[in-house]
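Q: Mind looking over this structure? Questions follow.
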Amino acid sequence: MSNETKADGTKSVLARLFFSNKKREDYDIFDYSTLGMYRTTPDGRIIKVNQALLDMLGYESLEELSKRNLESDGFVPEYPRDLFKSEIEKNGFVRGLEAAWKRSDGSIVYVRENAHLVRDKSGKTLFYEGITEDITDQKKIEKTLRESELRYRTLFEKTTNPILVIDTKGNYIDANQAALQFLECSLDELLEQNVFDIIPSNVERSAFIEKHTKAWQHGARIETTYQVKGAVKTLDLTITPGVFKGMEAVFGIGRDITEERKMFNLLIEQKEYLHHLNQIVNISIGNLDVKTMLVSICSRVKELLKADDIYITLWDNENQRVIPIASTAISNEAYQNSKHDTEDLTMTQSVLKAGTPLIAEDVFNSPFLSPSVASKYPSKSLMGLPLTEHQNKIGALLVGYNEQHRFTKEEIEKATITSKQIALIASKVHLIDELTKKEKHLLRINADNKKLFSIISHDLRNPFGAFLGMLEYLENEFDTLTNSYKLEVISSLRKSAININNLIENLLHWSSLQNKTITLDPKMIWLHEEASQVIELFKTQATNKNLEISCRIPEDLKVYADPNILACIMRNLISNSIKFTHSGGRVILTALRNNSENIIISVSDTGIGMSELMAQNLFNQSTQTRRFGTDGESTTGLGLLIAKDFVEMSGGNIWVESKEGKGSVFSFTLPADNPG
C-alpha cells in the first residue's frame, strides 16, 4: 500500500470519528487538527465543520459560515461543485479531489479533499462528509514552477537569436526555432548530427575542433561558420557550459552575422575596387595619347576586375575596323599585330553594334564572335563591354577567363562602371590629343589642358579622398558600428560612387564646351531638387570639417538652365565656401525670384570673408587671388572662374558680397523661364 493510500485511509477514519454520534468533548483532537472537516447536504447547506475548517475559510463560527450555500457560493468557477457532486454520487466517495474555495474575504484557498456520501435506507443521499487539506502553498509553488518553465520555453522558442544545445561530444540535443531556421533543417534532422558534421570545406578542420572544444570547457564568444545546403553561414556565438536535463551540456546563444560578414567583405572589395579605379584615373591623367593611356591601365583593370585576361580595343570608324591596343593575355605587341579575316566576327563588333554588355560563356559556341577569332586567345569565357561616349564608338573592353565562367551580377556591374570610366577618360584623352594637334590653337590648347587638369584635381580628387577616408573609417571601426548605421553608410558610399561617376562625365562635358564642341541644353528644372543633389556630394567633406550645410530653396521654384552646367556652378561655389569656413560654421543655399525674368541663387557662408580689393578681382582671370583654406586646403581660384564662365554662358551674372571675418555671399542669376 502506498503512503498516499495510507494517508487517505487515516483521513477517512478521522472523518468517521468526527461525524459519529459520540460526545464532542471526547474528541478535542479535532478542534486542534490542521485538517478541515465538514458535513454538507446535496443542496449546498453546511451542517457541520471543525475549527480548522473555520480558520481555513476565515469564519468565526459555524453559524456565520452556514449563511453560505455551496450551490451558489463558495466554489471558484474553475472548480465547480458539480464536478465534486458528479464523482461522489457516481462512486460514493472522492479521493484526493482538488478544489478551490472562496474565503470570507473573497480570497481563494486551494484544498485536497476526501469525502463520502451518506444515504438513508431508501438510497437517498442525506449528506456529504469530508476532510480537507490546505494545499494553497503547494499550488503556488507548482504555479511558480510552471511559470518558470513556461518563461524558459517561451524565451527559448520566441527569441530571434539561434540557441543550440550540445553534449560534451558535440552531439546536438536541442535547438530553438531560430536555430533550425538558420540551419535550414528540422529538429529531428539536427539531433542526428554532430557539430563537426557541418564544418565548411574551406575551414581547416583541426583548428575548428580545437577552437570549439576549448570554448566548450571554459565558455567563450567565438565566430563560427556552418555549411548549410551548399552555402556558408556565420554565427557570432556565446558559449556557456551548463546542465541540460541532468547531464553536462554546452549552451550556445548566437547572432546571425552572415549578411554582416558579406557586407564587410563587400566593403573591403569596394575599397580595393575604388583604390584601383583611382589609380587608373591618376594614370590616365598623365597621358595625352589614347593608345598609351589604354596600354598603361590594362594591367590595373585586370586587378580591378579580378579577371584572368583583359583586352582593350579601339574602333576605327572611318575604316570600320577593330584596332587591338592592349592585352594581359598575350604581349601588347603580339596583340596589336594580330589580324583577322574580314568575314570573321569579333566581340568588339558585336558589343558596339548592341551598345550593351554581351557575354559568351563558351567562346567557341557564341553568336558574338567567330571560333577562328576565339582560338587565337586563351580565354574560354568572355564578357564584352562597349566603350562609347555621346554615341561615339571608341572601342571595347573585353574581360576573359581561361576556364568557362558564369558571370555574376556584381561582376557585370563592376565591369560596366569600369568601362564607362575608361570611355570617359579615353574620350577626354582623345579630345585633348586632337586639340594639341591643332597647331594654330596651340597656346589656347595648352592653357585649356592645364585648366582641365586643375578642374579634375579641384572637383574629383577631393570627393575621392573623402570617399576613401570614410571607407578606412568603416574598416577600422566596423565591429563597433550598428548594422543599421553600416547599411546607411554603405548606401551613402554607393550614392557617392554614382555621384563621382556623374562628376567625371560633367567634367568631360565642360572640356568639350571649352573647345566649342558642345552646346548648352537648357530646360526647366526644379531648383531645390538639383541643389539637394549637389549638396549630397559635399556631405562627407562637410562632416569631416564639422560644417553644417543646408538647402533653403523653395521646393516650387524652377529655373531655366542646363542641369550639368548649373550643377558645376553650385559645386564650385559650395566647395569654395567649405574651404574658407572654420569648423562649426555654416554653408547655406538660398534662392528667390527677384522679378518676372530672373532667379537669384546664393551660396552664403560664415567663413573668413575677404577684403574689398580681393572681392573686386575675384573673377578676373589675370589677377592671382590664391590663398589657403581654413584647414590648409590648397586652391587655385580656378573654380570661381569656371563658375563665372558658365553663369555668363547661361545668360546670367555673378557677384560676391563679403566682409573680412564675417563670411561671404556668392550670388548669380539665371533665367526664370525660357527666353524664347
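Q: Calculate, axis by axis, the spread of Cα positions in region 62-215 along the three principal axes, and write the results as whole Å, longest axis first.
A: Per principal axis, max minus min of the Cα coordinates gives 87, 36, 24 Å.
Q: While we're on this one: Could you run the Karplus curve 6.51 cos²θ - 1.76 cosθ + 1.60 with θ = phi - 60° over region 468-477 and give me ³J(HN,Hα) per residue in whole Hz, x for Gly and Pro?
A: 5, x, 5, 4, 5, 4, 5, 5, 6, 10
Q: Mind ranking 45-58, 319-332, 576-589 by how tightly packed they are, going by the mean number of other C-beta atoms within 10 angstrom, highest first?
A: My ranking of the peptides, most packed first, is 576-589, 45-58, 319-332.
Q: Continuing with this model, one more query. Run through region 368-428 and list the GluC sites (Glu not before Pro) located in a DSSP loop whose Cβ has at most 16 other Cβ atoms within 10 Å.
A: Loop-located and lightly packed - Glu403.
Q: At R0 = 25 Å, how high is the FRET efficiency between Glu248 and Thr159 if r is their beta carbon distance? Nearest 0.05 is fine.
A: Result of the calculation: an efficiency of 0.60.
Q: A follow-up question, please. Determine, for each peptide in 643-654, 520-531, the mean count of other beta carbons within 10 angstrom over its residues, then list the peptides with the highest first.
A: 643-654, 520-531
Q: Report, in listed order, any pair from Lys67/Lys121; Lys558/Lys662; Lys291/Lys393 with a Cα-Cα distance greater than 25 Å.
A: Correct reply: Lys67/Lys121; Lys558/Lys662.
Q: Another one. Where nothing but the Cβ of Lys and Arg (+1) and of Asp and Glu (-1) is charged, how large is the charge dipole of region 213-346 around its Cα centre, in debye to the nearest 20?
A: 860
Q: Using DSSP to define loop residues, name the trypsin sites (Lys or Arg not before Pro) in region 150-243 whose beta-carbon has at most 12 other beta-carbon atoms within 10 Å.
A: Within region 150-243, the qualifying trypsin sites (Lys or Arg not before Pro) (loop, at most 12 other Cβ atoms within 10 Å) are Lys169, Lys229.
Q: Roll a 1.4 angstrom probe over the protein heavy atoms and tell me the percent of accessible area of region 122-261 that is carbon or sulfur.
A: For region 122-261, the apolar C and S fraction of the accessible surface comes to 52 percent.
Q: Separation of region 114-129 and region 175-199 by C-alpha centroid, Å?
A: One Cα centre to the other: 61 Å.
The values are calculated or read from the model by the stated rules, or taken from the named source; none is laboratory data. This structure is a prediction, so every number in the text was calculated from the model and none was measured. Glycine also receives a Cβ, built like all others from the backbone with ideal geometry; neighbour counts cover every protein chain displayed. Protein only, heavy atoms only, side chains kept; ligands, DNA and RNA dropped before computing areas. Shrake-Rupley method; radii C 1.70, N 1.55, O 1.52, S 1.80 Å.
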